[in-house]
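Below is one structure; the comments refer to it alone.
The values are calculated or read from the model by the stated rules, or taken from the named source; none is laboratory data. Everything quoted here is computed from the prediction, not taken from an experiment. Cβ placement follows ideal geometry from the backbone for every residue including glycine, while neighbour counts extend to all protein chains displayed. Side chains included, ligands, DNA and RNA excluded: accessible areas come from the protein's heavy atoms. Shrake-Rupley method; radii C 1.70, N 1.55, O 1.52, S 1.80 Å.
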4 protein chains.
Amino acid sequence: MRKIGIIGLGHVGAAVAYTLVTKGIADELVLIDQNEAVVLAEKLDLEDTQAGLATHTHIITQDYWQLRDADIVIMAAGDISIFSDGKNNRQAELRITSQIAEETAPKIMASGFNGILLDITNPCDVVTTYLQRLTGLPQQQVFGTGTLLDTMRMQRTLANELHVSLQDIQGYNLGEHGESQFTAWSTITVATRPIAEVLAQRNTDFTALEKAIRTRAWQIISGKGFTSYGIAAAAVTVVQAIFSDAHVTLPISSWNSEHQLYIGQPTLIGRTGTLRVVDVALTEQEQQKFNHSATYIQQNLDSLVANLPR
Amino acid sequence: MRKIGIIGLGHVGAAVAYTLVTKGIADELVLIDQNEAVVLAEKLDLEDTQAGLATHTHIITQDYWQLRDADIVIMAAGDISIFSDGKNNRQAELRITSQIAEETAPKIMASGFNGILLDITNPCDVVTTYLQRLTGLPQQQVFGTGTLLDTMRMQRTLANELHVSLQDIQGYNLGEHGESQFTAWSTITVATRPIAEVLAQRNTDFTALEKAIRTRAWQIISGKGFTSYGIAAAAVTVVQAIFSDAHVTLPISSWNSEHQLYIGQPTLIGRTGTLRVVDVALTEQEQQKFNHSATYIQQNLDSLVANLPR
Amino acid sequence: MRKIGIIGLGHVGAAVAYTLVTKGIADELVLIDQNEAVVLAEKLDLEDTQAGLATHTHIITQDYWQLRDADIVIMAAGDISIFSDGKNNRQAELRITSQIAEETAPKIMASGFNGILLDITNPCDVVTTYLQRLTGLPQQQVFGTGTLLDTMRMQRTLANELHVSLQDIQGYNLGEHGESQFTAWSTITVATRPIAEVLAQRNTDFTALEKAIRTRAWQIISGKGFTSYGIAAAAVTVVQAIFSDAHVTLPISSWNSEHQLYIGQPTLIGRTGTLRVVDVALTEQEQQKFNHSATYIQQNLDSLVANLPR
Amino acid sequence: MRKIGIIGLGHVGAAVAYTLVTKGIADELVLIDQNEAVVLAEKLDLEDTQAGLATHTHIITQDYWQLRDADIVIMAAGDISIFSDGKNNRQAELRITSQIAEETAPKIMASGFNGILLDITNPCDVVTTYLQRLTGLPQQQVFGTGTLLDTMRMQRTLANELHVSLQDIQGYNLGEHGESQFTAWSTITVATRPIAEVLAQRNTDFTALEKAIRTRAWQIISGKGFTSYGIAAAAVTVVQAIFSDAHVTLPISSWNSEHQLYIGQPTLIGRTGTLRVVDVALTEQEQQKFNHSATYIQQNLDSLVANLPR
């Protein structure tokens, strides 16, 4: 039986739940949210979708104890409304999400949970680092979606630019799932050719292209108030990699032993969680960007410790 | 190529679009909404989901002319916010949705569209009737999801009550997709046995059970502010029946020649639209409820004609 | 993790394996066959199919010990070639399959296997009964696909006859998965209406129709030498019902305590196996056919005990 | 509506049909084989699988005229039995398949067919070249699966070698779908790193590895007598790329204007067929292998013209 818990049933958590149900990935879903009425409503709405499916997903609500034998718990609790003023209030988001993490972690662990904890909240790297400390789970069992979604956006942006399928675009966005991330151009190929070669005749403005990738999230947020389907797809990709013991390399937020924090880096994933960080031979400049991004995450971690009453 | 237009990208339209993309049902999607920013945001978010799929869906926005060769146009434009005060403002909803229908129908038809128009807005039966008149499309090419969603809810409610899979529950909810609908108990079987037999020893309160089915929608709306996943599943079920020429009987809102309006009734669906209404031999009492529901729809149609400036 | 063993990699076992892989149902497959080269070939061919899938299935071969923690073992070993002379050699088939069962059961059990044993070999009911005795597994953990495939064929035959989708046809074929089976006409509905009503004006020859259903298997065998896709679909339907704890009623070959043998009867299926036999209120005549079918299975069981050296 | 014709219902054609049905890709399938009984059997067996699906596929048999409005016709007619003696009888295979092509092409074209002709028979490149000439269809509407299957096998072989997912392996096998093919090592990356770098410390015998990739097909044939699931997956990948206008680069057998024949090369595929050959910057040595492979195909084409009575 595949059992998954989702904590936080906002737009993102609900989209993840819907995808897991309609694709028949989860046999059992445990849905938890501070708003009891919302969870019940999502349970009913999700149950209504199952009439035409060959699979069934049993949906349980508001019961942390049910997480004791969950394979995966997805942390999706946050408060997107802090962006409703259109400003980039990442500090405010950090305060809220870290507080939720502090309240939630002990409840998850009290159930006896010993599966994989997948963080999809923001700021992803800081919160994932914090969640690992709060839960005390082994580092390989805790990780965040990191720059997987940014990588998917990079693939789409370049695919549109070059009029090819995104399946033809390989490579990674790395670092913080936030403004300090970067496109690792040296890793990117188009139908196996290095992108520098492909774009050689084009006089391409890589900086502009990279910015377009990074601001894609803000375009979505400014239009619909939040992003949901892309992050749901990223989360489900990770979930499928875990269940099928895929040994696939994904740019998720995993433990970086040099920087002693979680950060978006190519990581091999299997049933037991992260298997190892995959060396992709960044250029010196890219490595600097990566280090800079790590520093930025560390600063946020420091502010977290400094600002919150302990 | 399977080309589908969706008009209205609120929670429902977006959930339909997401399902069509992730299940690889549509090769081309045309998304139209009065809010340009929302459509662009949904397009970007939907594109972000496609990285791990074996299928591709090309997404076009805000271009009515692209509907000219669409196989299906799904009408999903409405304004759920009128329920935000928790009251049952169906009259207000009718005013808004009929106005949208009036504005939209000529634009759809101006493209040269001659496919199937599937209405999933509320009040479904009135709006579907109105849309058929406004577009002048043949009656078999216009229909609404009607009581298909209510039937799915009935299946789920009875399945939960009896601790069996909803696949074991057959039968229909019929009439208006609204408060005057009814559960056609004479059509319902549990693993092929008439439900009256199955529940004979149970002293079941059928009226309470029927009310529980009908109020399921309100439970969802009161919790999350709208319903989306169930109606999306219903719409996609109809879409798949059309594309695969399924000749399947579904309780959709189709043209009833006796009452001269659209109403939820078992209807055979194929590639060309509705093939015929399927006689399910209702009891006299059920037939009365059906007629009563038709009368209620007619009254709403009359108020529509009376109240709107023409 | 979902782990499934398949014993016997002929056309049927291979088709089941292929379906489990392409639908992403199994995370791990254990393939066992007396022909080592065939198993290796199927493993390689199945691995080749996974390039475009979002899921991965790890394939293990020829290792009974790997069945110790399998959720389900599918018994698919038989020898279809005995029908290659076009004659109905069911007795010969019984000898061969029962011998395979005798050889295989101890090996399965020696692994420590305590999951669900699903028999899809023929003669299904006799072999399933025999397998339960040989393994000593609880009766609810052993069952065969029984008349599920015959029911699917009945649905298709009637759907073709009536020009409707097979989803509109409900009801069961019951009894032996063989010539003594019968169509339980009293259970059959067409879009919820009893089939007798639907066919009332048609002067339908039910006996001819029933024979057409029953001989469908022979039409396939005479054309391609075996049947594979239909039985694979039936097996996968049962597998999905088990994994998702569906509580769905399927006409599988389950333990009948009155007749003290396995026979095709409506049975509720969940994660732990068969939950209970579902009473579908057969007519007296249908009950006689069922008893007759049970007698036929018993005779075969007796001949099995009589003929085989013990 | 998605309409696909399959000519030849042997193991391969049947596996393609089964996959198209179970994945709900084809709304209508036209099955044609010289053996009427086999086609009818496959139709019945395929119909039996549809009971639990949300999609329907209408199956038509033995009617060339139905190909007139097919989107895609898949050429799968051949005679694998010529390999049953375990020898590599490619010349014999060429005689048989080319003869089938000669008989079949006029029948396809007589229907008025103007879709995409996808060849999956062997020797793939020769037969595809021959089919294009015989049908007179535009070169971009005719192609073969070419080295797509070999590429999938290369991905799997390297993935197994490196204990990673095949999704981490990018690159191509190119040239003839036969013994003169080659692994284009310069195109291959492992999680974006050039394979030469990844294998640098390993003292890898690339020649042995390449041979292992190439002989994978023979391992399967020697075990089960034919290959079916891998080639079915390759064919379905191409079909999905066509329907969804994917603009994806696949190493299929497409028209090479320099050599004036069809050969496995990276090719962009969309709804109208092949859009363009994609330059992947082979090394000089790889280019020589490619040319050598082209020469080999040309020799076979010459022998075809020389040996067959015209």
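Miscellaneous remarks
- Cα shape, the stretch B:148-305, gyration tensor, a/c 1.5 rule: rounded
- When chain B is treated as a Gaussian network with alpha carbon springs shorter than 10 Å, the biggest mean-square fluctuation among B:144, B:112, B:230 belongs to B:112.
- Sorted shortest first, the separations between the residue D:295 label point and its copies elsewhere in the assembly read 5.9, 7.9, 9.1 nm; each point sits 7 Å from Cα along the Cα-to-Cβ line.
- Within chain C: Cβ-based charge dipole about Cα centre, in debye rounded to nearest 20 (Lys, Arg +1; Asp, Glu -1): 280 debye
- The overall shape of the protein assembly as shown, judged from the alpha-carbon gyration tensor, is rounded, with an a/c ratio under 1.5.
- Annotation: amide H of residue A:119 within the under-5 Å range of A:75, A:143, A:144, A:145, sequence separation 5 or more or interchain, hydrogens built in the peptide plane.
- Ignoring aspartates and glutamates fewer than eight residues from residue B:107 along the same chain, the ones with Cα atoms less than 20 angstrom from its Cα are B:28, B:33, B:36, B:63, B:69, B:71, B:79, B:119.
- Placing a label point 7 Å from the Cα of residue B:136 along the Cα-to-Cβ direction, the distances to the matching points in the other copies come to 4.3, 7.6, 8.1 nm, shortest first.
- When the charge dipole of chain D is built from unit charges on Cβ atoms (+1 for Lys and Arg, -1 for Asp and Glu) and taken about the Cα centre, the candidate among D:54, D:122, D:158 whose Cα reaches farthest toward its positive end is D:158.
- Gyration tensor (Cα) of the stretch C:115-170, equivalent ellipsoid semi-axes in angstrom: 32, 10, 6
- Number of partner chain Cβ atoms within 10 Å, mean per residue of C:108-115: 0
- Across peptide A:233-243, the average count of Cβ atoms from other chains found within 10 Å of a residue's Cβ is 4.
- Span from the the stretch D:164-182 Cα centroid across to the the stretch D:197-275 one, whole angstrom: 6 Å
- Of D:183, D:22, D:129, the one that fluctuates the most in a GNM where chain D has Cα springs shorter than 10 Å: D:22
- Residues with amide H under 5 Å from that of residue B:261, placed H, sequence gap 5 or more: B:256
- Per-residue mean of foreign Cβ neighbours for B:16-22 is 3 (Cβ atoms of other chains, 10 Å radius).
- Between helix D:148-162 and chain D: long-axis angle, C-alpha atoms, 0 to 90°, nearest 10: 40 degrees
- Taking the convex hull of Cα positions in the stretch D:235-279, its mean projected area over all directions (nm²): 2.9 nm²
- Residue of D:167, D:141, D:155 that the Gaussian network model of chain D assigns the largest fluctuation, springs spanning Cα pairs under 10 Å: D:167
- Residue A:31 accessible area, 1.4 Å probe, all protein chains in place, Å² to nearest 10: 0 Å²
- Unit charges on C-beta of K, R, D, E only; dipole of the protein assembly as shown, Debye: 0 debye
- Cα long-axis angle, helix B:206-224 against chain B (0 to 90 degrees, to the nearest 10): 30 degrees
- Considering only alpha-carbon pairs that sit under 8 angstrom and 6 or more positions apart, the relative contact order computed for chain A is 17 percent.
- Folded to 0 to 90 degrees: helix A:11-22 orientation relative to chain A principal axis, Cα: 80 degrees
- Partner lysines for residue B:211 [C-alpha distance under 21 Å; skip if fewer than 8 residues away on the same chain]: A:43, B:87, B:224, B:289
- Residue by residue, the stretch D:226-235 carries 3J(HN,Hα) couplings of 6, 10, 9, 6, x, 5, 4, 4, 4, 4 Hz when phi is fed to the Karplus relation 6.51 cos²θ - 1.76 cosθ + 1.60 (θ = phi - 60°); x denotes Gly or Pro.
- Counted over all Cα-Cα pairs of the stretch B:3-144, pairs farther apart than 19 Å make up 49 percent.
- In this assembly, the B-A interface accounts for approximately 3600 Å² of buried accessible surface in total, computed with a 1.4 Å probe and without ligands, DNA or RNA.
- With the label put 7 angstrom out from Cα along the Cα-to-Cβ vector, residue D:283 ends up 2.4, 7.8, 8.1 nm from the copy partners, going from closest to farthest.
- Size of charge dipole - the stretch B:3-144 - debye, nearest 20, with Cβ of Lys, Arg +1 and Asp, Glu -1, no other charges: 380 debye
- Residues whose placed amide H lies under 5 Å from that of residue C:270, excluding near-sequence neighbours: C:247, C:275
- Backbone N within the stretch D:6-24 under 18 Å of label point (7 Å from residue D:35 Cα along the Cβ vector): D:6-18
- The stretch B:1-126 - percent relative contact order, Cα under 8 Å, separation 6 or more: 29 percent
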